[in-house]
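This report refers to the structure that appears directly beneath it.
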Amino acid sequence: MKKLVLFDIDGTLLKFKKYRSKEFFAQVIDEIFGTKPDIDKMPSFAGMTDSSMLRVIADDLNISHDEMFSHSAAIWSKLLALYKEFTTEDIIEILPGVEDLLMKLEADKDIALGLVTGNFRAHAYLKLDTVGLGYYFKFGAYGDDNYDRDFLPPLLFRRAAEYLKVAGFSASDALIIGDSPKDIQCAKVNGIPVLSVATGGFSTEELAEFQPNDILNDLSDSDAVYSLIRKMLGMN
Ligand SMILES: [Mg+2]
């Protein structure tokens, strides 16, 4: 059976030269609820799901979670429209080694690639497709599936099994690769090994405190990273 290599997106596969998510969330919430959240009160998006950001905003504005999520279809579609205007190839940097690594993993018949990301699904593929990486990912679990990132891997296992037409996957069949402490936590809660990479907002020292199974400065030595991934998955 295939093993699953599960990637986070921001800070792991790619990086934006500028981010405007807080501003866009504030604008959309203002359009729908007629009240604008305070951007300074929003936490960092790093590792957070988009749904958990909506919960934080709802709490800040005294809107119930039910009320907030009753508008989720409109929220995602308005956000997507703003992101479509904003997301161009020239503001996205594919991180070092990523393209080579994805090619190697994709060519490996014993491996399937998936996404575990806080981005809502349409936004995840907008980012990836803008720089030609969407093709590598046939399934994932996303920030509009659940507010809690820790619930995403079980959902991903079901989608992967369905897509690959196999009975199921468990934690020992997978590896998570991500740049934030929340990726590490999500992996650990689910018993999945995790490879941290310090190409996002966190240094190797900061990541080490959360005890991932391994940490790299970046993915630039794609041959070595590919071998490490196979080793971490218990493949020879
Ligand atoms: Mg990230």
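Some observations on this one:
- Which listed residue is more than 16 Å from the ligand (Cβ to nearest atom), under 22 Å from the mean Cα position of the chain (by Cα) and surrounded by fewer than 17 Cβ atoms within 10 Å (Cβ to Cβ), from SER70, SER77, SER64: SER77
- Output for the range 200-229, where each listed residue is crowded, with 18+ Cβ neighbours inside 10 Å, closer than 23 Å to ALA112 by Cβ and in contact with a strand residue (DSSP E or B) (Cβ under 9 Å, 6 or more places away or on another chain): PRO212, LEU216, LEU219, VAL225, ILE229
- Subset tally (residues that are touching a Leu at 6+ places or on another chain (Cβ under 9 Å) and either in a helix (DSSP H, G or I) or farther than 16 Å from HIS123 by Cβ (or both)) for the range 87-102: 10
- Close pairs from the range 134-156: first within 20 Å of ASP179 (Cβ to Cβ) and in contact (Cβ under 8 Å) with a residue 60 or more places away in the chain, partner among the charged types (D, E, K, R) and buried (at least 24 other Cβ atoms within 10 Å of the Cβ), Cβ under 6 Å, at least 6 apart: GLY143/ASP50
- Of the criteria (1) modelled with pLDDT of 95 or more; (2) closer than 18 Å to LEU152 by Cβ; (3) not β-branched (Val, Ile, Thr), which one MET48 fails: (1)
- Exactly one residue out of ASP145, ASP150 is away from the ligand (no atom under 16 Å from the Cβ) and assigned by TED's automatic domain parsing to the domain that holds HIS123, and it is ASP145.
- When each of THR35, THR49 is tested for being among the polar types (S, T, N, Q), out of contact with any strand residue (DSSP E or B) (no Cβ under 8 Å at 6 or more places or on another chain), more than 16 Å from the ligand (Cβ to nearest atom) and not assigned by TED's automatic domain parsing to the domain that holds LYS104, the lone residue that passes is THR35.
- In the range 115-124 there is no residue that is surrounded by fewer than 19 Cβ atoms within 10 Å (Cβ to Cβ), among the β-branched types (Val, Ile, Thr), assigned by TED's automatic domain parsing to the domain that holds ASP8 and out of contact with any Pro (no Cβ under 7 Å at 6 or more places or on another chain).
- All told, LEU13 meets the bar of being buried (at least 20 other Cβ atoms within 10 Å of the Cβ), among the aliphatic types (A, V, I, L, M) and within 30 Å of GLU106 (Cα to Cα).
- Subset of the range 72-102 [closer than 23 Å to LYS138 by Cα and basic (Lys, Arg)]: LYS84
- Exactly one residue out of PRO181, PRO193 is touching a Phe, Trp or Tyr at 6+ places or on another chain (Cβ under 7 Å) and at negative phi, and it is PRO181.
The values are calculated or read from the model by the stated rules, or taken from the named source; none is laboratory data. Worth saying up front: this structure is predicted, and the values here are computed from it rather than measured. Every residue, glycine as well, gets a Cβ built from its backbone with ideal geometry; the counts of neighbours run over all protein chains shown.
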